[in-house]
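A.B. asks: Sharing a structure here in structure tokens format.
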Amino acid sequence: MPQNDHHASLMRRLSALAQENSALRERVAQNAKWEQRNRHFYENAPVGMYEIDFISGRCVSVNRFMLQFTGYTREEFLALDPIKLLTESSRGHFCERYEKIQRGEEVPTSVEYQIKIKDGRTLWALYEIQHIRKQGRIRGASVVLYNINEHKRALMALAESEQRFRRLVETMNEGLLILDSEGRLTYVNQHLEEISGFTAEELVGRKIQEFLSPEASRYVYRRITGQDKNARRSFEITWKRKSGERKYSIISPQVLPGAKGDTGGSFAIITDITAKKKAENEVRRREKELQEKNAQLEEMNTALRTLVKLREHDKLEIENRISANLQQLVVPLIEKLQTSGLNDRQKSYTQLLSANLEEITSSSNQMLPSHFLVLTPAEIEVANYVKHGRPTKEIASLMNISVRTVDMHRLNIRRKLGLHKKGTNLRSYLLSM
């Protein structure tokens, strides 16, 4: 009986061991399947994967994507020192990161590195690193690599473009401001700081209406919120600098659309026209002064014309008085003298005197002809005798000079009057004057 019990106990233990072996074989088979699946996933993953053994300083495994990405064969990659895969700048960053880990400092699991692939090109990659620890020490690392080269290049191009735009904005000779939907300043460029006298810190966050008059504030608000139909048209505003100085500017607004089709804010170009405005005001002031001076000169001219007319009237009145006095007081005496038994010479003198007085009192011969101004007194006397028809001999007798001298005077008169070597009769010419 005891022997039978012992045998039954052995059978039960064998049965239990058989069940455990069966379960173990199933678990081994299942683990083999999972390992095969993991290996398949590892090998065909759409990202780079490899493991590093820090003791040997080499990679112990690598997947297909990593090989395709770097251009190395599996044998070349596994023989490669992983740190040499990085560019010099990235190596420095990697060493700093590793030193922090050794000191027990926390570091991000994700980091961007620039790697140098087999053909010499440099590419950007995002590393996710999980360190493998054994007995409390870091023995290796499992690395997942994402190809972010195009994304990084796009970001760098965008950053460069943004930097160029910022340089353009900061160096432009116009003020630039950006407003949110409530009219608050969110950005101002350097030139706007210069023309306003405020710093960017003093401006950002404040409403633009704070710097404008109430009327200009309402007008600008309608423009920047898109309520005005002419929201894009430039217009002129007046505002004050920090110092209180009045400034004149042309503002060119542009409404920015929001994500939901509403107004997302606006930006505007500010052109300082203060110098131009001051010049225009100065021109207008000078024009006003000129107009006032012209009016004064016109008044003076009017007064001068009035004075000239008065002078002409006075002159005419004096001449009339002189003429009347000559006619009333002198002419009667000459007429009496001519009938008082004079000799021939004396008669000639009185006749010439009477003729000259008649010319003097005549309204058309009140002034000596301008041509006579170039003649000497003797030549004027000879010309007067010739004009009144006196022959050369009589002229010589009346002037007590020789006939030859009279002829010389007549020649000089013709030359000075522009009649030399011309057939014009001297007496006729003198009468025509």
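The values are calculated or read from the model by the stated rules, or taken from the named source; none is laboratory data. Everything numeric in this text was worked out from a predicted model, so none of it was measured. Note that each Cβ is placed from the backbone with ideal geometry, even for glycine, and that neighbours are counted across all protein chains shown. Heavy atoms of the whole protein, side chains included, go into the accessibility calculation; ligands, DNA and RNA do not. Shrake-Rupley method; radii C 1.70, N 1.55, O 1.52, S 1.80 Å.
A.B. asks: Going through the stretch 114-206, which GluC sites (Glu not before Pro) have at most 14 other Cβ atoms within 10 Å and a DSSP loop state?
C.D. replies: Here the sparse-neighbourhood loop sites are E182.
A.B. asks: Give me the percent of Cα-Cα pairs in the chain that sit more than 34 Å apart, rounded to a whole number.
C.D. replies: More than 34 Å apart: 73 percent of the Cα pairs in the chain.
A.B. asks: What is the Å³ per residue value for the convex hull set by the Cα atoms of the stretch 59-215?
C.D. replies: Given the Cα convex hull of the stretch 59-215, per-residue volume reads 190 Å³.
A.B. asks: Starting from the coordinates of the alpha-carbon atoms of the stretch 385-433, obtain the Kirkwood hydrodynamic radius over all distinct pairs and give the value in Å to one decimal.
C.D. replies: So the Kirkwood estimate lands at 11.2 Å.
A.B. asks: What's the magnitude of the charge dipole for the chain around its Cα centre, counting Lys and Arg as +1 and Asp and Glu as -1 at the beta-carbon? Answer in Debye, nearest 20.
C.D. replies: With only Lys, Arg, Asp and Glu charged at Cβ, the dipole is about 960 debye.
A.B. asks: OK, next. If we count trypsin sites (Lys or Arg not before Pro) as exposed when they sit in a DSSP loop and have at most 11 other beta carbons within 10 Å, what is the longest stretch of the chain that avoids them all?
C.D. replies: In the chain, the maximal stretch lacking such sites is 261-420.
A.B. asks: Next up: In whole Hz and in residue order, list the ³J(HN,Hα) couplings for the stretch 339-348 that follow from phi through the Karplus curve 6.51 cos²θ - 1.76 cosθ + 1.60, θ = phi - 60°; x for Gly and Pro.
C.D. replies: Per-residue couplings from phi come out as 9, 9, x, 7, 7, 4, 5, 5, 5, 4 Hz.
A.B. asks: When the Karplus curve 6.51 cos²θ - 1.76 cosθ + 1.60 is applied with θ = phi - 60°, which whole-Hz ³J(HN,Hα) does each residue of the stretch 205-222 get, with x for Gly and Pro?
C.D. replies: Along the stretch 205-222, the couplings run x, 9, 7, 5, 5, 5, 9, 10, 5, x, 5, 5, 4, 5, 5, 5, 4, 5 Hz.
A.B. asks: With a Förster radius of 51 Å, plug the Cβ-Cβ distance of R321 and S234 into 1/(1 + (r/R0)^6) and report the FRET value to the nearest 0.05.
C.D. replies: E between R321 and S234, to the nearest 0.05, is 0.10.
A.B. asks: Then there is this: For L145, L80, give me the order by solvent-accessible area with a 1.4 Å probe, most accessible first, ignoring ligands, DNA and RNA.
C.D. replies: Correct descending sequence by accessible area is L80, L145.
A.B. asks: Roughly how much of V403 is accessible, in Å² to the nearest 10, using a 1.4 Å probe?
C.D. replies: Here the residue's solvent-accessible area equals roughly 60 Å².
A.B. asks: Could you run the Karplus curve 6.51 cos²θ - 1.76 cosθ + 1.60 with θ = phi - 60° over the stretch 278-295 and give me ³J(HN,Hα) per residue in whole Hz, x for Gly and Pro?
C.D. replies: Karplus values, whole Hz, x for Gly and Pro: 4, 5, 4, 4, 5, 4, 5, 5, 5, 4, 5, 4, 4, 4, 5, 5, 4, 5.
A.B. asks: Same structure again: Please name which of V308, I395, Q36 has its Cα lying farthest along the dipole of the chain towards the positive end, using unit charges on Cβ (Lys, Arg +1; Asp, Glu -1) and the Cα centre as origin.
C.D. replies: Positive-end residue among those listed: I395.
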